[in-house]
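**Student:** One structure coming up, written as structure tokens, with questions to follow.
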Amino acid sequence: MTGMGTKWLAGTVLGLPLSVALCTLAILWLPGGWESGVIGALLVCLPLWAVIISVSVLFRSSARAWGVLTASNALSFGALWLPRLLVA
């Protein structure tokens, strides 16, 4: 599996949750809270997804694209869940 189609598929399938998680992490650090930045995050989410799809084609193999994007998703969603786990 070294074709461009599988790299593109990895960016498409795993890129959307990654872009949503990254935008969510960005608005959580805003001084006004997530309420002040949710519209901006929604506007940035789609172009960020397109960038992730474009970058996923540059990986050396499709297995590396799937692996890196899966690990990136796990790290970003882990960072989103970490404060909830520390409070409980």
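Readers should treat all values here as calculations from the given coordinates under stated rules, not as data from a laboratory. It should be emphasised that the depicted structure is a prediction, and the values quoted were computed from it without experimental measurement. Neighbour counts run over all protein chains shown; Cβ positions are idealised from the backbone, glycine included.
**Student:** Working out 0.36 nm times the residue gap between Arg60 and Arg84, then minus their Cα-Cα distance, what length gain in nm do you get to one decimal?
**Tutor:** 5.0 nm
**Student:** Something else: Computed FRET efficiency, Cβ-Cβ of Val68 and Ile39, R0 41 Å: what is it to the nearest 0.05?
**Tutor:** 0.85
**Student:** What full-extension length gain, to one decimal in nm, is calculated for Phe77 and Val51 as 0.36 nm per residue of separation minus the Cα-Cα distance?
**Tutor:** Additional length available on full extension: 7.4 nm.
**Student:** Relative to 2.2 N^0.38 Å, what does the C-alpha radius of gyration of the chain come to as a ratio? Two decimals please.
**Tutor:** Ratio of Rg to 2.2 N^0.38 Å for the chain: 1.20.
**Student:** Given contacts defined as C-alpha pairs under 8 Å and at least six residues apart, what's the relative contact order of the chain, whole-number percent?
**Tutor:** Relative contact order for the chain comes out at 48 percent.
**Student:** Sticking with this structure for a sec: So how far, in whole Å, is the C-alpha centre of region 30-88 from the one of region 1-22?
**Tutor:** Distance between centres, Cα-based: 12 Å.
**Student:** Any chance you could give the angle, 0 to 90 degrees and rounded to 10, that helix 34-56 forms with the longest Cα principal axis of the chain?
**Tutor:** 10 degrees
**Student:** Hey, could you get me the Stokes-Einstein D for region 1-52, Kirkwood radius over alpha-carbon pairs, 37 °C and 0.692 mPa s, rounded to whole µm² s⁻¹?
**Tutor:** So the translational diffusion coefficient is about 278 µm²/s.
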